[in-house]
Amino acid sequence: MQQPLIIDILTIFPEFFSSVFDCGIIRRAKAKRLVEINIWNLRDFTVDKHKKTDDRPFGGGEGMVMKPEPIFNAVEKILGTCNREEYAEGTKVILLSPQGSVFKQKMARELADKAKRLVLICGRYEGVDERVNEALVTDEISIGDYILSGGEPAAVVIVDAIVRLLPDALGCPMSSVRESFTENLLDYPQYTQPREYRGMRVPEILLSGNHAEIEKWRRQKAIEKTIKVRRDLLEKES
Ligand code: SAM
């Protein structure tokens with residue numbers, strides 16, 4: 001039997017995740033044991049009686065920085081080591097960070113195909129003590145060029161994108177093959193019932209039953225949309 005992908009999320013706000021993985025494709029993937037998702041509260045790994053997970057930045061400046069000890073302790077408990085060289089094959093420790101490589105469908109596909117265990121570290125405040133990056137992290141990942149208040153929404157995005165690509169996660173496996181980004185193209189437009197709504201008719205070609213012509217039309221529409229809104233996808237490997 002296929003081993004589940006294990007995903008461990010380190011956060012100071014475990015309540016953020018209380019229902020987000022309990023619906024739709026992720027809930028079904030968990031029920032089928034394709035994925036196991038564990039939420040770890042970093043406060044449980046603190047080393048002082050006040051359970052401090054952050055402190056003032058050395059060198060001065062605004063805000064707070066997440067302390068290294070709770071994160072090192074959590075990784076050591078979860079993986080049995082906090083020495084990057086000793087991580088088991090297929091293990092990635094990912095720091096969610098606006099300074100990381102931008103997460104793309106190709107990365108989601110690689111992680112879904114090859115990863116066995118993912119530890120996602122959610123930062124808050126001004127970010128995370130750099131020693132976490134230096135010693136523990138295998139991949140620093142951003143979900144886009146904007147600043148979130150914390151890594152938790154980024155963790156949800158990454159988990160969702162990966163889990164739906166796991167074998168058997170989707171009711172219809174072809175769904176993930178024909179989506180936007182798979183061929184550096186956006187998806188084609190979709191229509192359903194009714195055939196006419198508020199004077200807008202479904203394109204005749206889709207009602208024709210001529211599958212070869214429908215394929216051609218869809219490809220053409222996908223190319224037109226990509227040129228209109230994401231020409232960059234056609235110009236470079238994404
Ligand atoms: N001072 C940091 C900087 O300018 O690079 C921003 C810190 S941000 C307010 C707090 C946390 O949110 C980060 O440590 C990271 O975990 C998360 N975060 C913010 N934007 C993100 C993004 N685009 N992708 C992934 N994580 C993000």
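The values are calculated or read from the model by the stated rules, or taken from the named source; none is laboratory data. Predicted model only: the values in this text are computed from it and were never measured. No Cβ is skipped: glycine too gets one built from the backbone with ideal geometry, and neighbour counts run over all protein chains shown. When the accessible area is computed, the model is the full protein with side chains, heavy atoms only, and any ligands, DNA or RNA have been set aside. Shrake-Rupley method; radii C 1.70, N 1.55, O 1.52, S 1.80 Å.
Annotations for the structure displayed:
- Taking other residues whose beta carbon is less than 11 angstrom from the beta carbon of Asp129, and scoring Lys, Arg as +1 and Asp, Glu as -1, yields -4.
- In a DSSP loop and with at most 11 other Cβ atoms within 10 Å, the GluC sites (Glu not before Pro) in the stretch 1-90 are Glu62, Glu89.
- Spatially proximal aspartates and glutamates relative to Lys225 (Cα-Cα < 15 Å; intrachain offsets below 8 disregarded): Glu179, Glu183, Asp187, Glu235
- Here Lys114 is the anchor, and the lysines within straight C-alpha reach of less than 26 Å, apart from those fewer than 8 places off in the same chain, are Lys30, Lys32, Lys77, Lys92, Lys104, Lys106, Lys236.
- Mean accessible surface per residue for the chain, computed with a 1.4 Å probe while every protein chain stays in place, in Å²: 59 Å²
- Tail weight of P(r) past 25 Å, computed on alpha-carbon pairs of the chain, percent: 52 percent
- Alpha-carbon centroid distance for the pair the stretch 168-226 / the stretch 115-159, whole angstrom: 35 Å
- Within the accessible area of the stretch 5-163 (1.4 Å probe), percent carbon and sulfur: 50 percent
- Normalised by the number of residues in the stretch 102-238, the mean separation of alpha-carbon contacts (under 8 Å, six or more apart) gives a relative contact order of 25 percent.
- Computed [θ] at 222 nm, helices only, for the chain once each DSSP H run of length n ≥ 4 contributes -39500 (n - 2.57): -9000 deg cm²/dmol
- Carbon plus sulfur fraction of accessible area for the stretch 178-237, probe 1.4 Å, in percent: 50 percent
- Counting only Cβ charges, +1 for Lys and Arg and -1 for Asp and Glu, the dipole size of the stretch 5-163 around its Cα centre is about 660 debye.
- Among the chymotrypsin sites (Phe, Trp or Tyr not before Pro) in the stretch 34-70, those placed in a DSSP loop whose Cβ has at most 14 other Cβ atoms within 10 Å are Phe58.
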